[in-house]
Each structure stands twice: as C-alpha cells, then as structure tokens.
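Colleague: Sharing a structure here in structure tokens format.
The values are calculated or read from the model by the stated rules, or taken from the named source; none is laboratory data. Note that the coordinates shown come from a computational prediction; the quantities given were computed from them, not determined experimentally. Positions of Cβ are backbone-derived with ideal geometry, glycine not excepted, and every protein chain shown enters the neighbour counts. Surface accessibility is based on the protein's heavy atoms, side chains included, excluding ligands, DNA and RNA. Shrake-Rupley method; radii C 1.70, N 1.55, O 1.52, S 1.80 Å.
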Amino acid sequence: MARTSDAARERDGPALSIRPRDLRARSAVWLAGLALSALLFSDVPAPRIEANRGYPARSGRWTNLGPREGFVKKLCVLSDDAETLLAAGRSGVFRSSDGGRNWLPSRAGIPRDAELIAFASEPRHRLIYAITLDLVLRSADSGSNWEVAIHRIPGTYFGSIAADPFTDQRILVGTDDGIYLSEDGGSSWAKAQIPAGQTSSWDAIAFDPSSPGIVLAAGYETLIKSTDGGETWTTHGAGLPSDAHPDVLLFDRQRRGAVYGLLGVYGVLYKSADGGATWRTVRGDPRRNPVAAFALDPEASDTIYVAMVRTGAIYRSADGGTTWHLRSRRPQLWQVSDIVVSRKRRGTLYVLGERPYWSGDEGVTWKPARGGPRGGAVDQILAPSGRRGVLYVRSYDRLYRSTDDGGSWDDLPLPDWADGRCYEHPIIAAVPGDQKVLYAGVRAHQDDGEETIELLKTADGGDSWERLFVRHLESGDDPAFEEIVSIRSIVVHPRHPDLVYMAIDGWCESDSACDDPSDGPPFGVYRSIDGGRNWARTSRIPDVDWHPMWVDRLAVDPFDGDTVYIGGRGGTIYRSVDGGRSWTPLADSLTFEPYDIEIDRTDPAIIYALDRFRGIFRSTDAGREWVRIMPARGMLSDIAIDPSDPRKIYVAGAASGLLMSSDSGDTWRHVDEGVWTRNFECVVIAAGRIYAGTINTGLWVRESE
C-alpha cells in the first residue's frame with residue numbers, strides 16, 4: 001500500500017487546536033449541553049414518527065430518514081393576539097393561529113438555508129423581527145411573510161435582538177463585535193458606544209417595558225446598561241458570577257425595576273430588584289437541578305415559571321422566586337429551549353421541547369401541538385445486524401428504533417420514568433449480528449437528587465431493559481470529587497458477544513480523589529465476560545498529567561479480545577494485551593488527542609485515530625508510530641471503516657461535512673452533496689449503505705460506492 005504522501009502531510013503541521021481554557025471552561029461546556037436536555041410527558045403515548053418518504057435510497061443520492069426535522073429554539077407570542085404564535089427552529093419558522101394547538105410552516109421570503117435563532121416583536125404595528133447568524137428578517141403581517149432587512153454587518157455574527165416598546169422601528173442586535181442600533185426597522189445600522197475593553201459576544205438584550213430608554217445587555221463576562229435606548233452603555237451589575245452572565249434577560253412588566261436573568265451555562269436563575277444593579281439567586285443548582293428555561297407572567301406581578309433540566313418538572317413562584325410550587329412532575333419536555341406565558345389567555349403556557357406543547361391550567365397538564373418543528377440531532381447510529389431493516393439512533397438524551405430501515409421510528413423510553421427518574425448522556429452499543437440486544441450507558445437522576453452511573457441491557461430491541469451495573473455518585477464531604485462522570489464508551493467484541501468493555505471517565509481535583517478506592521469515583525475501564533452480568537475493573541491507567549482519564553473511546557482488536565486500546569484528551573493512547581490487567585502507552589508523546597479510534601477489521605496493525613481539531617492520524621504498526629493523513633476541517637466527530645472494503649474510510653464533522661477516502665486515507669473528497677447541511681455528527685457503513693447523522697437535520701442514507 002502506497003504511503004508516499006504521509007511525509008508531506010506530516011510536514012503540514014498540526015491543525016489549529018481549540019481548547020477550553022481550564023476545567024471551569026470544560027465544566028461550562030458540559031453544563032451548557034446539559035441545560036439543553038429534559039424529558040417527554042409520560043402521560044402522552046410515545047409517538048411513532050413518520051420519516052420523510054422518498055425511500056428507497058438510490059445510488060449516489062441522499063435520502064432523509066428523520067426521525068426529526070430540526071432543533072426548536074425560540075417562541076414568540078404576539079401580545080396583541082392571543083391566538084398567534086411563532087416558533088423558530090433549524091427547520092425554519094412555524095406559525096400557529098389557534099393558540100399553539102396546530103402549527104404550519106411560515107417560510108415565505110426566508111432564504112432556504114436560514115436558521116432563525118431569536119425573535120423580537122413590535123406589537124403596535126404587528127412587526128416581527130428575527131435573526132439568523134448573518135441576517136435580520138422582518139415581517140409586517142405577524143409572521144406570514146418575511147423579507148430580509150439587512151445581510152450581515154461586515155465581520156459580525158448576530159446573537160440577540162430586541163425591539164424598543166416605546167419607539168417605533170428602533171431595534172438592537174447583539175453581535176460578536178458589539179451592539180448595533182437601527183432606528184428604521186433594520187434598514188440601516190450604527191454601532192453603539194459600549195465601555196472600553198468589552199469584547200464579549202452579546203447574547204441577551206432586553207428593554208425595560210416600564211421605563212423608556214432603559215436597556216440591559218449581557219455578554220459572556222459582562223452586564224451593561226443603557227439609559228438612552230441603546231446608544232451609549234455603562235458597566236452594570238453585582239452579585240453575578242465573574243466568569244458568566246445571563247444569556248436570557250426578562251423584565252417583570254408589573255414591577256418596576258425587577259429583572260431576571262438565566263445563566264444557561266450553569267442553569268441558575270438570578271433576580272435583580274433594582275434594574276440590574278445587584279443580583280441574587282432564586283432558582284437552580286448546576287450540579288443537582290439546573291433550570292432549562294423560565295418565563296414571567298406578563299399580567300401577574302412576581303409570577304415566574306421554570307422548566308427544570310433533569311426532571312422535566314415545571315415549577316411556579318408567585319412571590320418573585322422566594323417560594324416555589326410544583327405544577328407538573330413528568331411533562332414531556334424533551335430539549336426544553338423556551339417557555340412563555342400568554343398575555344391575554346389567562347393560565348395558558350407554551351413550551352418548546354422536541355416539539356411545541358401547551359397548557360391551559362397554569363402548567364398542571366400539557367397537550368402536544370399538531371405539526372410544528374421538532375428536534376433534529378442524531379448523535380449515534382447502530383445498524384447491528386449488518387443487514388437492512390433494523391436501525392437504532394440516539395438523539396440528544398433519547399433513543400429511537402426503526403424496523404423498516406428508517407421508514408418510521410419508535411421512541412424507546414428507558415425504565416422507571418414514571419418514578420421521577422430521568423437519564424442523560426446515553427451511549428449505546430449493539431451485539432454484532434444481533435438486532436435485539438443493546439447496551440445503554442447512562443447517567444441517572446432522581447427527584448431527591450440521587451445520581452447514579454448505570455449500564456442497561458435489552459434483549460428485545462428496547463421494549464424492556466434491565467440494570468446490569470449501578471454506581472452511586474455521592475462524594476460525601478469530600479469536595480475533591482468533582483461529579484462530572486459518565487460512561488464514555490462500550491465495546492462488544494465482534495467474535496465473542498459475551499465479552500464487553502466499558503470506560504467511565506470524569507474529573508478529580510486532587511490525586512487522592514483518583515486513587516481508585518473501592519468506595520470512590522468509578523473511573524476506569526471495566527471488563528465483563530458474561531454479557532454484562534458481572535464486571536471487573538481493570539488495572540488503573542498509568543498516571544499522566546490529567547486526572548484521571550477523560551476517556552473518549554475504547555477499541556478492541558477484532559481477532560484478540562485481550563488486546564484493548566483506550567484514548568482520550570490526555571494526548572496518549574494506551575494498549576493492554578492481557579484484558580486490562582496492565583496498560584502500556586503506545587508512544588512517549590502524541591501530537592494529537594484521540595477522540596475516536598478505529599481498527600482495520602482485516603489487519604489489526606492498521607489503526608486510525610481522530611483528533612477533533614487536528615485531523616485524522618494513521619498507524620500501520622499497531623500504534624507505535626503515527627502520521628497525520630488529513631488535517632482538520634472544522635471540528636471532526638466520527639470515523640468509520642467500510643466493513644466490505646477497509647480501504648474506504650469515512651469522516652464526519654461539524655462544518656467539515658462528510659468526507660471519504662478510497663485509498664486508506666491518502667486522498668479525500670466530499671460525499672455529502674445533496675444533504676441539507678454540512679454539520680455531521682456520526683457515520684456508519686452497513687449493508688452497502690452509508691448512514692450519516694447530522695447535528696440539525698436528522699439521519700441521512702445513500703448507497704455506498
């Protein structure tokens with residue numbers, strides 16, 4: 001096999017690496033993703049979701065299989081019309097004219113690829129504004145038709161928008177290059193004067209509806225205030241964390257000076273009674289019970305509703321957040337992104353989860369809307385039998401099954417949802433050649449705050465589950481144990497289905513907390529030889545300059561079940577040739593951090609490793625030496641080898657698209673023409689087909705080449 005291009009590629013040097021600044025940044029990213037997840041209403045039957053038809057796939061052409069259409073982001077209720085609502089998602093804008101019960105697309109005038117992220121309304125003139133990353137859109141008929149007000153302000157991306165309730169056509173947009181003001185409905189813009197040294201992206205802007213000219217804006221580490229409608233600004237706020245500020249701001253219409261801010265990165269709701277000068281916490285615990293979204297009742301002073309991340313519960317406070325009362329415990333609120341209260345329809349709430357829902361009794365009961373946008377990420381794909389027919393996908397914290405090769409999908413709930421238990425971070429693995437046996441590694445939360453790491457198994461395709469492994473995540477009085485713990489990888493050996501490996505990672509703030517005591521953190525690699533009934537922890541991975549593992553992926557030699565590779569964010573790959581009794585680093589130091597590892601099924605000496613920001617690396621001597629065969633394009637996420645032809649390699653990534661090599665990585669080309677996005681998350685090759693999961697448009701399939 002020719003390797004003439006390896007040296008040239010290696011001379012290119014590593015691709016640009018983007019790393020969190022420290023543990024707090026890692027934790028913030030983790031919690032930000034966490035704050036986007038919640039559960040579905042248990043009193044509503046699990047839906048069978050019909051995919052977009054157009055199947056079967058034809059060679060060279062992509063077909064969308066669902067199971068969902070695009071993550072839902074924002075709600076807008078027109079204050080002068082209790083019946084009209086707008087919802088924005090990755091699949092476009094949807095409009096309801098009957099109080100949220102039914103939804104229809106409303107894309108007239110919106111560019112095809114535009115992804116709306118926020119609304120602002122000017123109700124006296126029925127004007128609605130919306131932004132994408134690079135457009136400001138405007139509608140003069142309550143969202144039925146749209147026009148582009150302005151394309152991107154050069155060198156900037158939009159992040160927030162607000163309309164002045166007192167001055168017609170005055171709107172503000174927050175960007176990554178400051179705050180811009182328009183006084184003609186978005187046709188022209190002027191950059192506002194913000195305090196010197198403020199370079200944050202501005203993710204939240206809010207006008208005070210009771211005080212003309214008063215505006216608050218929040219960036220990553222800054223809160224600022226304007227008293228002249230957004231032309232000039234001064235630094236403001238005390239009592240907020242120094243490393244984060246609200247990404248949602250809402251003023252209480254009925255109480256002057258009262259404003260609330262949600263720190264989505266922590267899931268904590270703050271309140272100010274003096275217009276943002278000082279703040280205090282009113283709800284949310286980032287470790288136990290973070291807040292996903294909140295809303296204020298526009299007609300009832302001090303009345304707040306919050307949707308919680310880990311239990312999907314809705315709470316209400318009627319005294320400005322001093323006391324809280326549970327309204328519903330098991331709402332079908334998956335991926336909660338927004339909650340609003342109707343201004344004219346008393347007691348009516350609207351929620352955006354994986355689809356729109358509404359309540360007419362102040363959040364006690366909920367009903368699903370018909371139509372409307374739905375969530376769209378596919379994070380993992382399994383085609384376990386190698387034959388066409390049965391597929392499994394993981395989408396955020398939910399699992400789905402198709403028995404007709406993606407024609408339709410069943411929602412697969414995990415056990416004990418009715419008992420107040422919710423799950424996050426599922427990772428799934430299948431027994432090769434078996435369509436019904438699956439493993440699911442999850443982190444579970446109870447209403448009482450108990451947290452566990454669990455491995456579940458099903459023998460009937462997800463209809464029922466049993467627990468095989470449970471470890472409690474209680475640190476007691478030891479503050480050194482940071483409970484950012486999850487099952488990161490599960491591998492079933494292709495020739496010995498009872499041989500299973502599992503990796504659990506996490507973070508310790510001291511060496512003593514990572515010493516692997518029997519009652520301490522469950523970090524490590526585990527091995528089972530009886531299909532998961534019993535587990536033995538392998539020996540500890542040798543110490544490196546990270547604690548303890550930050551494991552990303554396990555890989556097992558397809559011929560020898562005792563030969564195991566493990567890679568993670570420490571810049572080292574370890575190998576065991578004795579089933580985990582001992583581990584050896586494969587190289588003194590690597591120039592990359594392996595996020596994914598794949599072994600050639602015909603020649604286990606050939607190994608591929610994926611670094612999300614540096615590219616694809618290859619070893620032809622079982623991991624002793626590595627060369628980079630592809631630099632990173634965007635952020636890479638998955639690598640797959642065609643089981644029928646190991647020379648064919650596929651790589652998926654965010655913004656980089658789906659790439660293929662037919663010569664073991666020497667040359668690459670795009671194979672994603674016809675897919676609506678270039679944001680890919682995962683790829684699987686099975687039964688002569690390519691299955692590709694995207695971040696925002698679901699699952700796609702085409703015949704392989």
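Colleague: Which one of these does G219 not meet: (1) surrounded by fewer than 22 Cβ atoms within 10 Å (Cβ to Cβ); (2) at pLDDT below 90?
Modeller: (1)
Colleague: What are the residues in region 239-256 that are in contact with a strand residue (DSSP E or B) (Cβ under 9 Å, 6 or more places away or on another chain) and open to solvent by 50 Å² or more (accessible area, probe 1.4 Å), if any? Walk me through it before giving the result.
Modeller: Within region 239-256, the subset in contact with a strand residue (DSSP E or B) (Cβ under 9 Å, 6 or more places away or on another chain) is 239-241, 244-254.
Residues satisfying the conditions are G239, D247, L250, R253, Q254.
Colleague: For A654, work out the one condition from (1) at pLDDT below 85; (2) crowded, with 22+ Cβ neighbours inside 10 Å it doesn't fulfil.
Modeller: All conditions are met except number (2).
Colleague: For residues that are of a type in the set (A, V, I, L, M, F, W, C), over 25 Å from the mean Cα position of the chain (by Cα) and open to solvent by 30 Å² or more (accessible area, probe 1.4 Å), tally how many sit in region 618-646.
Modeller: Looking only at that region, the number is 2.
Colleague: Also, quick follow-up: On the basis of being assigned to a strand (DSSP E or B) and among the charged types (D, E, K, R), does R618 make the cut?
Modeller: Answer is yes for this residue.
Colleague: For G615, are the conditions met, namely being more than 26 Å from Y691 (Cα to Cα) and either at pLDDT below 95 or open to solvent by less than 10 Å² (accessible area, probe 1.4 Å) (or both)?
Modeller: The answer is no for G615.
Colleague: With the structure loaded, tell me whether D560 is farther than 22 Å from E681 by Cβ, at pLDDT 95 or above, assigned to a loop (DSSP other than H, G, I, E, B) and not aliphatic (A, V, I, L, M) or whether it fails that test.
Modeller: Judged against the criteria, D560 is a match.
Colleague: Filter region 563-576 down to the residues that are at pLDDT below 95 and surrounded by fewer than 21 Cβ atoms within 10 Å (Cβ to Cβ) and list them by number.
Modeller: Once the filter is applied, which keeps residues that are at pLDDT below 95 and surrounded by fewer than 21 Cβ atoms within 10 Å (Cβ to Cβ), region 563-576 yields R569, G571, R575.
Colleague: Pick from region 512-557 the residues that are open to solvent by less than 30 Å² (accessible area, probe 1.4 Å) and in contact with a helix residue (DSSP H, G or I) (Cβ under 8 Å, 6 or more places away or on another chain): which of them is modelled with the lowest pLDDT?
Modeller: Taking region 512-557 first, the residues open to solvent by less than 30 Å² (accessible area, probe 1.4 Å) are 513-514, 520-526, 528, 531-532, 538, 541, 548-552, 554-557.
Checking which are in contact with a helix residue (DSSP H, G or I) (Cβ under 8 Å, 6 or more places away or on another chain) leaves us with 520-521, 523, 548.
Values: G520: 54, P521: 61, F523: 76, P548: 45.
Filtering region 512-557 for residues that are open to solvent by less than 30 Å² (accessible area, probe 1.4 Å) and in contact with a helix residue (DSSP H, G or I) (Cβ under 8 Å, 6 or more places away or on another chain), the one modelled with the lowest pLDDT comes out as P548.
Colleague: Can you name the residue in region 138-194 that is hydroxyl-bearing (S, T, Y) and more than 23 Å from K225 (Cβ to Cβ) and, of all such residues, is most open to solvent (accessible area, probe 1.4 Å)?
Modeller: Y157
Colleague: Kindly check whether there is at least one residue in region 257-276 that is β-branched (V, I, T), open to solvent by 40 Å² or more (accessible area, probe 1.4 Å) and touching a residue at least 24 places away in the same chain (Cβ under 8 Å).
Modeller: no
Colleague: From the list T667, T694, T677, exactly one residue is farther than 30 Å from V577 by Cβ and touching a Phe, Trp or Tyr at 6+ places or on another chain (Cβ under 7 Å). Which is it?
Modeller: On inspection, the qualifying residue turns out to be T694.
Colleague: Go through the residues of region 559-580 one by one and say whether even a single one is within 29 Å of the chain's Cα centre (by Cα) and over 22 Å from V525 (Cα atoms).
Modeller: No, region 559-580 has no match at all.
Colleague: Looking at region 500-509, is at least one residue closer than 27 Å to D611 by Cβ, open to solvent by 50 Å² or more (accessible area, probe 1.4 Å) and at pLDDT below 75?
Modeller: yes
Colleague: Residue check, P631 against (1) touching a Pro at 6+ places or on another chain (Cβ under 9 Å); (2) under 21 Å from Q380 (Cα atoms), all met but one. Which one?
Modeller: Evaluating P631 over (1) touching a Pro at 6+ places or on another chain (Cβ under 9 Å); (2) under 21 Å from Q380 (Cα atoms) leaves (2) as the failure.
Colleague: Under the condition of being among the hydrophobic types (A, V, I, L, M, F, W, C) and more than 27 Å from V556 (Cα to Cα), which residue from region 415-432 is modelled with the highest pLDDT?
Modeller: Ranking the qualifying residues of region 415-432, first place goes to C422.
Colleague: Then there is this: Output the residue which, of all residues in region 177-209 that are small (G, A, S), more than 12 Å from A162 (Cβ to Cβ) and under 27 Å from the mean Cα position of the chain (by Cα), is modelled with the lowest pLDDT.
Modeller: S200
Colleague: Then there is this: When you check A640 against the structure, is it assigned to a strand (DSSP E or B) and in contact with a Pro (Cβ under 7 Å, 6 or more places away or on another chain), yes or no?
Modeller: No.
Colleague: Next question. Quick one: how many residues across region 687-705 are open to solvent by less than 10 Å² (accessible area, probe 1.4 Å) and either among the small types (G, A, S) or modelled with pLDDT of 90 or more (or both)?
Modeller: Filtering region 687-705 down to residues open to solvent by less than 10 Å² (accessible area, probe 1.4 Å) leaves 690-694, 698-701.
Checking the rest, the ones that are also either among the small types (G, A, S) or modelled with pLDDT of 90 or more (or both) come to 690-693, 698, 701.
So the count comes out to 6.
Colleague: Given the residues L349, L382, L391, L412, which is the only one that is modelled with pLDDT of 85 or more, within 25 Å of the chain's Cα centre (by Cα) and farther than 23 Å from N679 by Cα? Steps first, please.
Modeller: Details: L382 fails: farther than 23 Å from N679 by Cα; L391 fails: farther than 23 Å from N679 by Cα; L412 fails: modelled with pLDDT of 85 or more.
When all the criteria are applied, what remains is L349.
Colleague: Now a separate question. Can you find a residue that is aliphatic (A, V, I, L, M), outside any loop (DSSP other than H, G, I, E, B), at pLDDT 90 or above and surrounded by 19 or more Cβ atoms within 10 Å (Cβ to Cβ) anywhere in region 451-465?
Modeller: Scanning region 451-465 turns up at least one residue that is aliphatic (A, V, I, L, M), outside any loop (DSSP other than H, G, I, E, B), at pLDDT 90 or above and surrounded by 19 or more Cβ atoms within 10 Å (Cβ to Cβ).
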